[in-house]
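The values are calculated or read from the model by the stated rules, or taken from the named source; none is laboratory data. All of these numbers come straight from a predicted model, not from anything done at the bench. Using ideal geometry, Cβ is built from the backbone for each residue, glycine included, and neighbour counts are taken over all protein chains shown.
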Amino acid sequence: MQCGCKAEEDLQRMLDERERLNSELEESKRKIDSWNRDLNKREVMKEIKDLKDVLVHAIEDLDDVELLNQSLIVKERQSNNDLQEARKELIQGFNHVLNGRTNIGIKRMGELDLKVFVNVCKTKFSLEEAHTMGFELCSLWQENLENSSWHPFNVILTDDKYEEIINEDDDKLRELREEWGDEIYMAVITALKELHEYNPSGRSTVSELWNFKEMRKATLKEAITYTVEQIKQLKPVSSV
């Protein structure tokens, strides 16, 4: 009987001990889970802080870049304004100094070449009449070109951009070509394009520095270099 009671007591102690160990194990698991959560939380918070720091620095860098960009834009505009002013001064100076055709000079953009009209008229009229008719025809078409109510252009879409091109089916242009031929027609078209580029709203001629040798707009450097070369060629006046 005593043996049976002792065995039961031992079994009970073992069960109690097992329950105690299970409880301790569960408690340990809870602590470990809690530590893991805290650890993960700290790591996440650290990552968030690091990301915030990176973001703050990125914003600061972006602000610096934006300020630099704005500064460069202002400087570029100022430089462009200075260059435009220098170009205007050179144009005024060339208008007063240069005589006749030179390599670098002034071209009136949108102005018709009278000689083209006279030469064509020479094939149709006497020499005296050719000059008169050429002058009248050139003057008439210069007036047409500078008439802002006449708009011989079509609007087309190219590369997601709208642009205006000359309408070759315009009644005036078509009649001009049929009556006077391609040479005068192309002279008018060229002048029309120049006016549309340089003064589309006012449609009046505009002075431009021009490289007559290469038939293009002259650079500021070319104009200055040419001016310096012309000055060097001037002979000093000897004093009496």
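Scanning segment 141-181 for residues being loosely packed, with under 12 Cβ neighbours inside 10 Å, modelled with pLDDT of 95 or more and closer than 22 Å to VAL206 by Cβ gives a total of 1. Only residues that are surrounded by 15 or more Cβ atoms within 10 Å (Cβ to Cβ), among the basic types (Lys, Arg) and modelled with pLDDT of 95 or more were counted across segment 95-122, and they come to 1.
Taken together, VAL118, VAL155 contain a single residue that is free of Cβ contacts under 8 Å to residues at least 24 places away in the same chain, in contact with a His (Cβ under 7 Å, 6 or more places away or on another chain) and aliphatic (A, V, I, L, M), which is VAL118.
For segment 182-197, name all the residues that are within 13 Å of MET109 (Cβ to Cβ) and either free of Cβ contacts under 8 Å to residues at least 24 places away in the same chain or crowded, with 17+ Cβ neighbours inside 10 Å (or both).
Taking segment 182-197 first, the residues within 13 Å of MET109 (Cβ to Cβ) are 190-197.
Hits for segment 182-197 are THR190, ALA191, LEU192, GLU194, LEU195, HIS196.
Of the residues in segment 167-180, not one is of a type in the set (Phe, Trp, Tyr), over 22 Å from LYS115 (Cβ atoms) and out of contact with any Cys (no Cβ under 7 Å at 6 or more places or on another chain).
Within segment 168-197, being out of contact with any Ser or Thr (no Cβ under 8 Å at 6 or more places or on another chain) and under 30 Å from GLU89 (Cβ atoms) holds for THR190, ALA191, LEU192, LYS193, GLU194, HIS196, GLU197. The residues in segment 106-164 that are β-branched (Val, Ile, Thr) and over 32 Å from the mean Cα position of the chain (by Cα) can be counted, and the count is 5.
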